[in-house]
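K.L.:
There's a structure below that I have some questions on.
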Amino acid sequence: MKKKSLFFIALLISVTTYINTCFSQAKAFNINGQLTTHESALLKEVAIQLVQASNKKLVKIEYADSLGAFSFQQIPAGSYVIITQSMIFGRYESAPFLHQQTTQLGVITLTPAPTALKEAAVTAVKPFIQQQYDKTVLNVSGSISAAGGTALEVLEKAPGITIDQNDNIAMRGRQGVLVMIDGKQVPMTGQDLANMLRNMSASQIETIDLITNPSAKYDAAGNAGIIDIRLKKGKTSGTNGNLSLSLSQGRYPKLNPSLNFNSKHKNLNIFGSYNYAYREDINDLTIYRQFYDADNKYTGGNNYQNLFKYRNNSHNTRIGADYTINKKMMIGIAANGIFYQGNITTNSVAQTLNAQQENTGSFITTGNNQPHRNNTSINLNYKYTLDTSGRELTADLDYARFNSAETQNYLTRYFDTQQWENKTPYALFGDLNGDLSIRSVKIDYTQPLKIIGAGMQAGIKSSWVKSDNDVQFFDRSNGGNVLDEGKSNRFIYKENINAAYVNVSKKWSHLSLQLGLRAENTQTNGFQVIGAKTFNRDYTQLFPSGYIGYEFNTTHDLGLSMSRRIDRPSYRQLNPFKVFLDPLTSAAGNPFLLPETTNSFELTHTFRQQYTTKIGYSRTRDNILIVLSPDTEPNTILQTGRNLAMYDYYNLSFGFPVTIRKWLSSTNTALLYYGNYKGDLVNTHLNVSRVSFNFNSVNTITLRPLTTMEITGSYESRSYYGFLDVNSFWFVSAGVQQQLWHKKASLKLNLSDIFFTNQTNAVTRLTGYGETFKQKRDTRVLTLTFNYKFGGGSSSGNKRQTGAEEEKRRAG
């Protein structure tokens, strides 16, 4: 294992040394210009951005000197645009220009920013949804309907994002999404991930990036793409921040205060945040189950009425600092903590039916579960800028520790058809403990290849994971405390992943190209203590990625991207423990679950840099599905992960903004997709497919200069997820915002899911079993949010983002 890690490090050093030797003496060209205005003494406050003309991707930022002169050094040939930003002068944007040798832009005259009609002017704001070549950006901080909500509720409104009854997140009809926060993978999946996102205030979020085909720089995980949640960070010198308080009322109350701050003085930047969330929620789940024999004859069933009530208290903290040693070197440290305490009460009433669909009795299972989660992580980062040509070295060291403890108390009482108790009540107590540690090291290097006018990125990463889960259940039916060996066990899992990647990109006048390759070696070992069962797995895979784009003119752009990705099972999905849900239902992991791999392609066309059309195709092998199927005992059900042979996916999407005068702007996304599941699972040949449709619309109405309204709507047609046939659903939300105190504060009122239609209805059919369920949650919620910005200062650069490790996502 150590030899392989050393091999990747030696390989990177050799490659970068060779490339640096070959190209370090190559020539490069500068872009020079001159600003002028009547207030020349203030020109040094103007920031000048150099962006690519084709996609407005930022290349570099410079500041003018006191005389207005500015220069961008060592810029590769290509087509660029100059944009100025200033609180004093109006915005200037140049026409696209071709840079092939030293470029002189001449004199640019700036005009003072208008002030006389400041209160009457309509301020342009970013739309909630922005379509770009490689991703969709959600501008959460400017959204009225997101105010007072949670990160999970914001994702539910996002185009192409759906969340099923088990809290699994799907992007454009596909599961296997990688969720990140500031470029770092979230340490959870499924319900644990959903609970964490429910307890994250939307007021902490700046943007959310939905990335469909990531480059080789990213971990290869995430078959359906990446959801990267970018938190708010200070961009000005001095001390400043944001204070927010949200009060919500649905069926149950919710409370969410939060604080974000940033303090930058000279070379030291300190940042942090604190968020507290108190939430009460429900899950009302009705299930009808049917069982069949080998001749497909009905043999019996169950009618369930389940009510789950959640009460959660969570504290989410973040603190860190960056220190600029000199113009070339910067070091940073960041620590995060999520401390969660919950209480889950369950009430499950089940009626049993015989082959003639006659009532043969019932049982009631009540439960009280108290989960505790303490998740902490620390990151050390280093950045070294070798020269002004763009050569840069960054490094990240990460350590994370996730502790979980949960007690479960279940009591089941059995009744006959006359509602008389006919069996001894069954009392079950569970003591569940888990410990997960993750260590990782990551190094990235950027090198311009000036002789050919290209750029290169390369990097290595190694991670080490250890998971230890100890579960004990005790039968307390007869007043004792008897260990239930059939439900108790201990599972120890170790994993080491070593990776290396290289990306090369080049831009011509109209053509842009990027090619990347990532190699990952995975070594795993699992040990089940009771029964002394072990499994080992060692494999190496290559993950190519690439993009080619062509700018026909200022109106039309066309791009084609591809990538190969992997989705490894979460540690919980591998854990073979059998978890009690009720006397007829249990869930278990599958230690023999294989990772799924996906090859995907997407063609993107943009018109007038506003209207985006995307056509895509992907094929997933060993697709991981969570399947409900008959267990070993009659009329019992087991929920576990299984591999399906193949899943083919086709998609067509269209993003189109609409502006009606100055008072109404609308951002709309339409998605048409077709999914085909094929394979054999649980004695069933599965070959199902359907064309599905998703439409998302966000509309902003300017009522007055300081008063705006936002209406959002989403529709999802009928779709398949493996054996699950999910009915269509839709919802509408609306909010209004009033800005106060010269825009330093705001008051927002929002009502989500106005018509209470965001509900899930679905059917499952396979050999020997069928199920129909309906699910309702606390989705219609009225929220009042007060937001206040404090502090001030002059503009400064963004704080560097650190790297991340894919393993943390799978900790749930």
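K.L.:
Of the numbered conditions (1) within 30 Å of ARG251 (Cβ to Cβ); (2) in contact with an Asp or Glu (Cβ under 6 Å, 6 or more places away or on another chain), THR299 satisfies every one except a single condition; which is it?
P.N.:
The single condition THR299 does not satisfy is (1).
K.L.:
So, one more: Would you check if PRO657 is in contact with a strand residue (DSSP E or B) (Cβ under 7 Å, 6 or more places away or on another chain), farther than 26 Å from ASN694 by Cβ and either among the β-branched types (Val, Ile, Thr) or touching a residue at least 60 places away in the same chain (Cβ under 8 Å) (or both)?
P.N.:
no
K.L.:
OK, next. Please enumerate the residues belonging to the stretch 198-220 that are in a loop (DSSP other than H, G, I, E, B) and either among the aliphatic types (A, V, I, L, M) or over 25 Å from ARG318 (Cα atoms) (or both).
P.N.:
Those that are in a loop (DSSP other than H, G, I, E, B) and either among the aliphatic types (A, V, I, L, M) or over 25 Å from ARG318 (Cα atoms) (or both): MET200, THR212, ASN213, PRO214, SER215, ALA216, LYS217, ALA220.
K.L.:
Take the stretch 283-306 and flag every residue that is surrounded by fewer than 16 Cβ atoms within 10 Å (Cβ to Cβ) and either hydrophobic (A, V, I, L, M, F, W, C) or touching a His at 6+ places or on another chain (Cβ under 8 Å) (or both).
P.N.:
ALA294
K.L.:
Yes or no: the stretch 632-647 includes at least one residue that is part of a strand (DSSP E or B) and basic (Lys, Arg).
P.N.:
The answer is yes, given that some residue of the stretch 632-647 is part of a strand (DSSP E or B) and basic (Lys, Arg).
K.L.:
Mind checking which residues of the stretch 686-741 are in a loop (DSSP other than H, G, I, E, B) and under 28 Å from VAL627 (Cα atoms)?
P.N.:
Of everything in the stretch 686-741, those that are in a loop (DSSP other than H, G, I, E, B) and under 28 Å from VAL627 (Cα atoms) turn out to be SER717, ARG718, GLY722, PHE723, ASN727, SER728.
K.L.:
Further, regarding this structure: Of all strands (runs of 3 or more DSSP E) completely enclosed by the stretch 46-109, which ones contain at least 2 residues that are more than 28 Å from GLN447 (Cα to Cα) and of a type in the set (A, V, I, L, M, F, W, C)?
P.N.:
Those strands (runs of 3 or more DSSP E) span 103-109.
K.L.:
Take the residues of the stretch 68-93 that are surrounded by fewer than 16 Cβ atoms within 10 Å (Cβ to Cβ) and either in contact with a helix residue (DSSP H, G or I) (Cβ under 7 Å, 6 or more places away or on another chain) or within 22 Å of HIS556 (Cβ to Cβ) (or both): which is modelled with the highest pLDDT?
P.N.:
GLU93
K.L.:
Moving on. I'd like the full set of residues that are at pLDDT 90 or above and in contact with a Lys or Arg (Cβ under 9 Å, 6 or more places away or on another chain), limited to the stretch 501-513.
P.N.:
Residues satisfying the conditions are TYR501, VAL502, ASN503, LEU513.
K.L.:
I'd like to check which strands (runs of 3 or more DSSP E) are fully inside the stretch 556-595 and have at least 3 residues that are closer than 26 Å to ALA427 by Cβ. I'd like the intermediate steps shown before the answer.
P.N.:
Numbers: elements: 556-567, 578-582, 585-588.
Strands (runs of 3 or more DSSP E) meeting the threshold: 578-582, 585-588.
K.L.:
I've got another one for you. For the stretch 194-228, enumerate the residues that are at pLDDT 75 or above, touching a helix residue (DSSP H, G or I) at 6+ places or on another chain (Cβ under 8 Å) and over 17 Å from SER273 (Cβ atoms).
P.N.:
ASP219, ALA220, ALA221, ILE227
K.L.:
Then there is this: How many of the residues making up the stretch 375-392 are polar (S, T, N, Q) and either exposed (fewer than 15 other Cβ atoms within 10 Å of the Cβ) or not assigned by TED's automatic domain parsing to the domain that holds GLY183 (or both)?
P.N.:
Within the stretch 375-392, residues that are polar (S, T, N, Q) and either exposed (fewer than 15 other Cβ atoms within 10 Å of the Cβ) or not assigned by TED's automatic domain parsing to the domain that holds GLY183 (or both) number 1.
K.L.:
Same structure again: Within the stretch 312-340, work out how many residues are in a strand (DSSP E or B) and either of a type in the set (Val, Ile, Thr) or under 30 Å from THR636 (Cβ atoms) (or both).
P.N.:
Residues in the stretch 312-340 being in a strand (DSSP E or B) and either of a type in the set (Val, Ile, Thr) or under 30 Å from THR636 (Cβ atoms) (or both): 6 in total.
K.L.:
Within the stretch 504-541, restricting attention to residues that are under 28 Å from the mean Cα position of the chain (by Cα) and aliphatic (A, V, I, L, M), which residue is surrounded by the most Cβ atoms within 10 Å (Cβ to Cβ)?
P.N.:
VAL504
K.L.:
Could you check the stretch 613-647 and list, in sequence order, the residues that are within 24 Å of ALA216 (Cβ to Cβ) and over 21 Å from the mean Cα position of the chain (by Cα)?
P.N.:
ILE615, TYR617, ARG619, ARG621, ASP622, TYR647
The values are calculated or read from the model by the stated rules, or taken from the named source; none is laboratory data. Quick caveat: nothing in here was measured; it's all calculated off a predicted structure. Neighbour counts run over all protein chains shown; Cβ positions are idealised from the backbone, glycine included.
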